[in-house]
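**Q** Shown below is the structure under consideration.
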Amino acid sequence: MLERSGKSGNMGDTNLMIARSAIVLGMVAAVATIIYFTPVPNQNFKSCDRPCHDLDWPMICRVTLNIEMFQTNLICEDCHTNSSSCVQTSCPTPATTTTTRSIITVNRQLPAPPIHVCHNDILIIDVANRIEGHTLSLHWRGQPNHEAPFMDGVPLVTQCPISSYTTFQYKFRASSPGTHLYHAYSDADRSNGLFGALVVRRAKKTEPLRKLYDVDDDQHVVLLSEWTDSSKSLQSPSSILINGKGPNGSLTSFIVTKGKRHRFRVAHTGGIKGCPITVSIDNHLLKVVAVDGNPINAQEVSSITLSKGERLDFVLKANQAAGAHYLRASSTCDGKEISGGAIVSYLGTSDGVTVGKKLGGMRDPRRFRTSFCGNKDGDVCLGAVRSMEKMAEELGGDVDRKFYIGFDHIHKDVEFDQTGFTSVRMQVHRLNNISFTFPPCPLLTQPGDVPLDLMCNEFNLPDRCKGKDTCECVHLEHIPLGSRTEIVLIDESGDEEEHIFHLHGHQFYVLGSRIFDKPLARADVRKLDQENKLLKRNLMHPVLKDTIRVPRNGVVVIRFLANNPGFWMLRDEKSEAWTRGMDIAFQVGELADVVSTPTAFPTCGNFIGPQFFLV
């Protein structure tokens, strides 16, 4: 009996194991069947737009950007006569005039779809160029690309331009939090619509501004852009677009909740002229809390003014009469007043637009400007703005590398021997007497293919340039890796209201500025600086930026730690194309310090065929 009982128990255990195994195998088979027959999810812009938490793993964000060119009347039908057509999702027209013009769309939208991610997410972005006979590239403004310098998007410096009907995949980590942009490197493409918001959020526990606002809505992104009635570059802007919509069409609307503090993210995407734009909201004050993605000491003002490529965050307290209030954008560009608008509407109300500006009871309106303006009454200028954090200690004291960069232009007679013209007088822009030109292939990925006689700096000019007042070449300066670097920007021309420069690959501290009655030569500025008479540098809480406005007849001093190996542009933002000559490339570190180029990375350059005879 005992033996039989034992056998029966063993058989029972065996049957139980078989049953469990069958259940497990069945579950595996079911899961495999579900996975097999379930279609791959369509990765879109909402895949990484989520609340950010400090303990979450970074996400891999797949995005596809299809870039096309359209005529406004073809894609928007009767938008100019029927405003309801303008609010269609597929309609990117700004609807400012009845004039038909070409625009560049991304996924058939203008502006391009916003990208919202969390800090340290990895972006994989397939850019498909569907414009016939046109090359382009995209720059991810505000992202240093430490791990992938070949993803910076500068044609013929970090990559080959993206040819028609080809796709280039950008892959980089969103390592710099804040309000940023992505846009075409060519200003002509950028002014025709190739730009979009890139917002990188921190987790609540690590967000230094978290106590200043209640709501950070991804719909509260304000993209400002100049609009011209023609895609031709010589025409002056006629209006300002806000998120792709103009003053004569259906306006962009922002919804706020009464009693809440809302964080707004503003970016000046640019245009052919790139004139400063002033923004205000009727009956409300704006508390400015960040510039170029970096927190500052909060400034409560009635209006903000920013220029091309700059970003600015402000907090709006919805404490006024429920209803709708105008968000106004205005600028003086080429001597003409232009404007744009949007609506800030309180949730749950259907009141009409409230007219009048009470400015929240502020007696003397204060204006926030991202420029240096001589501390005028009522203005909060860049020199008075303090960063929330102190400047890095390693950047104090003496620097390792200092560049005095003077920019101006000259008029030059260009001869044409075979066209019937004897000469044409042209304006040549330059930095330190050098007019930048691009190489035939990227400096970063194909350095060995760049002809040496194209490279130059003020101490190493090609033989063809010696004795001339300017040299057209690839202006390249070397900075040893880890160097404390200071750049003194000097307006030697004095013929424009301001100049704007953007540094790729790094952010810099703005140490100070000085405006003179007339333009000073670079040698005179250097002498004043060596005698400690130029300006007093702010080494405690200088503002941290990546785009700087240099006033007319002005000198601006910026400083940064050159800790990102690669080839990085200091770019003139007033260029209408890739360059007008006032650019310079910095090689940080040696080639051995740079991250290896990915396998099968696109190459380009000159082709000179073998010598042969046709028989």
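The values are calculated or read from the model by the stated rules, or taken from the named source; none is laboratory data. Remember, predicted model here, so these are calculated numbers, not experimental data. Here the Cβ is made from the backbone with ideal geometry for all residues, glycine too, and neighbour counts use every protein chain on show. To get the accessible areas, we keep the full protein, side chains included, count just its heavy atoms, and leave off ligands, DNA and RNA. Shrake-Rupley method; radii C 1.70, N 1.55, O 1.52, S 1.80 Å.
**Q** Dividing the convex hull volume of the alpha carbon atoms of the range 525-615 by its residue count, what do you get in Å³ per residue? All intermediate terms of the calculation are to be shown ahead of the outcome.
**A** Working: hull volume 22.9 nm³, N = 91.
Dividing the Cα hull volume of the range 525-615 by its residue count gives 252 Å³.
**Q** Let me ask you something else. Net charge near VAL154, counting Lys/Arg +1 and Asp/Glu -1 over other residues with Cβ under 15 Å of its Cβ?
**A** -4
**Q** On full extension of the chain, what length is gained from ALA384 through LEU452, given 0.36 nm per residue of separation minus the C-alpha to C-alpha distance?
**A** Values: separation 68, 0.36 × 68 = 24.48 nm, distance 4.49 nm.
Answer, rounded to one decimal: 20.0 nm.
**Q** Rounded to the nearest 20 debye, what is the charge dipole size of the range 495-615 about its Cα centre when +1 sits on each Lys and Arg Cβ and -1 on each Asp and Glu Cβ?
**A** Value, rounded to 20: 460 debye.
**Q** A further question on this structure: So who's got an amide H within less than 5 Å of the one on ILE162, skipping anything under 5 residues away but keeping other chains? H placed 1.01 Å off N, in plane.
**A** Under 5 Å from the amide H of ILE162: LEU136, SER137.
**Q** What FRET efficiency comes out for the pair ASN248/HIS134, r = Cβ-Cβ distance, R0 = 35 Å, nearest 0.05?
**A** After rounding to 0.05, the efficiency reads 0.75.
**Q** In sequence order, what are the phi-derived ³J(HN,Hα) couplings for the range 156-161 according to the Karplus relation 6.51 cos²θ - 1.76 cosθ + 1.60 with θ = phi - 60°, rounded to whole Hz, with x for glycine and proline?
**A** Computed from phi, the couplings for the range 156-161 are 6, 10, 10, 7, 6, x Hz.
**Q** Can you give the accessible area per residue of the range 200-327, in Å², using a 1.4 Å probe? Before the final figure, lay out each step's value.
**A** Numbers: 3970 Å² over 128 residues.
Per residue, the range 200-327 has 31 Å² of solvent-accessible surface.
**Q** Also, I was wondering about something else. The range 116-208: which chymotrypsin sites (Phe, Trp or Tyr not before Pro) are DSSP loop and have at most 11 other beta-carbon atoms within 10 angstrom?
**A** On the way: sites: TRP140, PHE150, TYR165, PHE168, TYR170, PHE172, TYR182, TYR185, PHE195; in loops: TYR165, TYR185.
When the chymotrypsin sites (Phe, Trp or Tyr not before Pro) of the range 116-208 are filtered for loop state and at most 11 Cβ neighbours within 10 Å, TYR165 remain.
**Q** In whole Å, what is the distance between the alpha-carbon centres of the range 151-225 and the range 272-346?
**A** Here the answer is 20 Å between Cα centres.
**Q** DSSP loop (so not H, G, I, E, B), at most 16 other Cβ within 10 Å: list which GluC sites (Glu not before Pro) in the range 477-518 pass both filters.
**A** Answer by residue number: GLU496, GLU497.
**Q** Something else about it: In terms of modelled amide H atoms, which long-range or inter-chain residues lie less than 5 Å from the amide H of VAL550?
**A** Those qualifying (amide H under 5 Å, at least 5 residues apart or on another chain) are HIS499, ILE500, PHE501.
**Q** So, one more: Skip the ligands, DNA and RNA, and give the accessible area per residue of the range 421-503 with a 1.4 Å probe, whole Å².
**A** Working: 3640 Å² over 83 residues.
Result: 44 Å² of accessible area for each residue.
**Q** Same structure, new question: How much net charge surrounds PHE586 when only the other residues with a Cβ under 10 Å from the Cβ of PHE586 are counted, with Lys and Arg +1 and Asp and Glu -1?
**A** 0
**Q** Between beta-carbons, use under 10 Å as the cut-off and find the net charge around ALA342, counting Lys and Arg +1, Asp and Glu -1.
**A** +2
**Q** Taking 41 Å as R0, compute the FRET efficiency from the Cβ-Cβ separation of ASP334 and THR257 and round it to 0.05.
**A** Plugging the Cβ-Cβ distance into 1/(1 + (r/R0)^6) gives 0.55.
**Q** For the range 170-181, what does the Karplus curve 6.51 cos²θ - 1.76 cosθ + 1.60, with θ = phi - 60°, yield as ³J(HN,Hα) per residue in whole Hz, taken in order and with x for Gly and Pro?
**A** 8, 9, 7, 8, 7, 8, 10, x, x, 8, 9, 9
**Q** Name the long-range amide H neighbours of SER102: under 5 Å, sequence gap of 5 or more, or other chain; modelled H, no Pro or chain starts.
**A** SER231
**Q** Sticking with this structure for a sec: If you stretched the chain out fully between PHE601 and ASP126, how much longer would it get, using 0.36 nm times the residue separation minus the C-alpha to C-alpha distance? Mind dumping the intermediate values first?
**A** Numbers: separation 475, 0.36 × 475 = 171.00 nm, distance 1.42 nm.
My answer for the length gained is 169.6 nm.
**Q** Still on this structure, I have one more. Arrange the peptides 287-299, 51-63 so that the one whose residues have, on average, the most other Cβ atoms within 10 Å appears first.
**A** Details: 287-299: 21.0, 51-63: 14.0.
Final packing ranking: 287-299, 51-63.
**Q** Something else: Which FRET efficiency value, to the nearest 0.05, do you get for GLU68 and THR100 by plugging their Cβ-Cβ distance into 1/(1 + (r/R0)^6) with R0 = 22 Å?
**A** Values: r = 16 Å, r/R0 = 0.74.
The value I calculate is 0.85.
**Q** Spelling out what I want: for every residue of the range 119-125, take phi, set θ = phi - 60°, compute 6.51 cos²θ - 1.76 cosθ + 1.60 (Karplus), and round to whole Hz; glycine and proline get x.
**A** 3, 6, 4, 9, 9, 10, 10
**Q** Where the accessible area of the range 193-308 is counted over protein heavy atoms with a 1.4 Å probe, how much of it, in %, is carbon and sulfur? Could the numbers behind the result be given before it?
**A** Details: 1690 of 3550 Å².
Accessible surface attributable to carbon and sulfur in the range 193-308 totals 48 percent.
**Q** If the limit is 32 Å between Cα atoms, which of LYS204/LYS258; LYS468/LYS527; LYS336/LYS533; LYS402/LYS518; LYS211/LYS308; LYS171/LYS336 go over it?
**A** Among LYS204/LYS258; LYS468/LYS527; LYS336/LYS533; LYS402/LYS518; LYS211/LYS308; LYS171/LYS336, the Cα-Cα distance tops 32 Å for LYS336/LYS533; LYS171/LYS336.
**Q** How about the range 477-572: which trypsin sites (Lys or Arg not before Pro) there lie in a loop by DSSP and see at most 11 other Cβ atoms within 10 Å?
**A** LYS533, LYS536
**Q** Also: Farthest toward the dipole's positive end in the range 86-227, which of VAL221, THR206, PHE172, given Cβ charges of +1 (Lys, Arg) and -1 (Asp, Glu) about the Cα centre?
**A** In the range 86-227, that residue is THR206.
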